[in-house]
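Enquirer: I'd like to ask you about the structure that follows.
The values are calculated or read from the model by the stated rules, or taken from the named source; none is laboratory data. The structure displayed is predicted, hence computed values, not measured ones. Ideal geometry is used to build each Cβ from the backbone, glycine not excepted, and the neighbour counts take in all protein chains shown. The accessibility values were calculated without ligands, DNA or RNA, using every heavy atom of the protein model including side chains. Shrake-Rupley method; radii C 1.70, N 1.55, O 1.52, S 1.80 Å.
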Amino acid sequence: MLPLIHRLAQGKLNTYNGIFEISLFSDGLTEITALHTFLDNKKTLHIKIQSSCLTGHYFNSTECDCKHEVDKFQKFMSDKDNSILIILNQEGRGNGNVAHIASQNLKKEGLSQEEAYKELGFPEDNRNYDIVAKTLIYLGFNSCVLHSKNSRKIQDLEKFGINVELIEPY
């Protein structure tokens, strides 16, 4: 049985790309933020799942494309109903800010992000997308078009019965 999902808060948010609905969901353990257009579970859902990124989203780092990915999907959302952008509090691929910031010097030495995390004793990718699947089910969706290049997201959605119809690049 799936843990219950609760919508803790919702409102309207003016952005540079338009006015969207914003909602905060929780399963009692984890919270996610969702920015979305009008949602109709009888139509195809377009979804982008993004982990928070302190250096990219807040400090405009040129070493990642996190902020660019979010901006590009928001622009897509402004022209496409039934779209949702989910932000997870899983900084540093789920390893936290310490791992993320500590990995920066190793990346400058030529290591990939995954290699840097391993060198520091962290998992390459410690993220979990279960709450996303549970939230989609709560919203009445059992399929989606996923805008991503991360196959782990597909696996985590599908293990909860969410059919990923198509993976589109962002």
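Enquirer: How far apart, in nm, are two points set 7 Å out from the Cα along the Cα-to-Cβ line at A9 and at K159?
Expert: A separation of 3.1 nm, rounded to one decimal place.
Enquirer: Given axes a ≥ b ≥ c from the Cα gyration tensor, I'd like to know whether the range 42-97 is rounded (a/c under 1.5), prolate (a/b larger than b/c) or oblate.
Expert: Working: a/c = 3.81, a/b = 1.76, b/c = 2.17.
In terms of gyration-tensor shape, oblate.
Enquirer: Can you list the HN-Hα couplings for the range 70-75, worked out from phi with the Karplus curve (6.51, -1.76, 1.60; θ = phi - 60°), rounded to whole Hz and with x for Gly and Pro?
Expert: In residue order, the calculated couplings are 5, 4, 5, 6, 4, 4 Hz.
Enquirer: I would also like to ask the following. Rank-order 17-25, 46-54 by packing density, defined as the average count of other C-beta atoms within 10 Å over each peptide's residues, highest first. Working shown, then result.
Expert: On the way: 17-25: 16.7, 46-54: 20.9.
Highest-to-lowest ranking by the protection proxy: 46-54, 17-25.
Enquirer: Let me ask something else about it. By DSSP, what percent of the beta bridges with both residues in the chain are antiparallel, rounded to the nearest 5?
Expert: 60
Enquirer: Right, here's the next one. Quick one: 3J(HN,Hα) in Hz for the range 140-153, Karplus 6.51/-1.76/1.60 with θ = phi - 60°, rounded, Gly and Pro as x.
Expert: x, 9, 10, 8, 7, 9, 8, 9, 6, 10, 9, 5, 5, 5
Enquirer: Residue by residue through the range 123-131, what is 3J(HN,Hα) from phi via Karplus (6.51 cos²θ - 1.76 cosθ + 1.60, θ = phi - 60°)? Round to whole Hz and write x for glycine and proline.
Expert: My calculation for the range 123-131 gives x, 4, 8, 10, 7, 9, 10, 4, 5 Hz in order.
Enquirer: What percentage of the solvent-accessible surface of the chain, computed with a 1.4 Å probe over protein heavy atoms, is contributed by carbon and sulfur atoms? It would help to have the intermediate numbers written out before the result.
Expert: Numbers: 4780 of 9300 Å².
That share works out to 51 percent.
Enquirer: Shape of the chain from its Cα gyration tensor (a ≥ b ≥ c, root eigenvalues): rounded if a/c is under 1.5, otherwise prolate when a/b > b/c, or oblate?
Expert: Here the chain falls in the prolate category.
Enquirer: Counting only heavy atoms of protein chains, what accessible area per residue, in Å², does the chain have with a probe of 1.4 Å?
Expert: Per-residue accessible area for the chain comes out at 55 Å².
Enquirer: For the chain, what is the relative contact order in percent, using Cα pairs closer than 8 Å and at least 6 residues apart in sequence?
Expert: 21
Enquirer: Going through the range 45-75, which chymotrypsin sites (Phe, Trp or Tyr not before Pro) have at most 15 other Cβ atoms within 10 Å and a DSSP loop state? Intermediate results must be reported in sequence, preceding the final value.
Expert: On the way: sites: Y58, F59, F73; in loops: F59.
Sparse-neighbourhood loop chymotrypsin sites (Phe, Trp or Tyr not before Pro): F59.
Enquirer: May I pose another question? On C-alpha positions alone, give me the angle between the axis of helix 97-108 and the longest principal axis of the chain, in degrees, nearest 10.
Expert: 50
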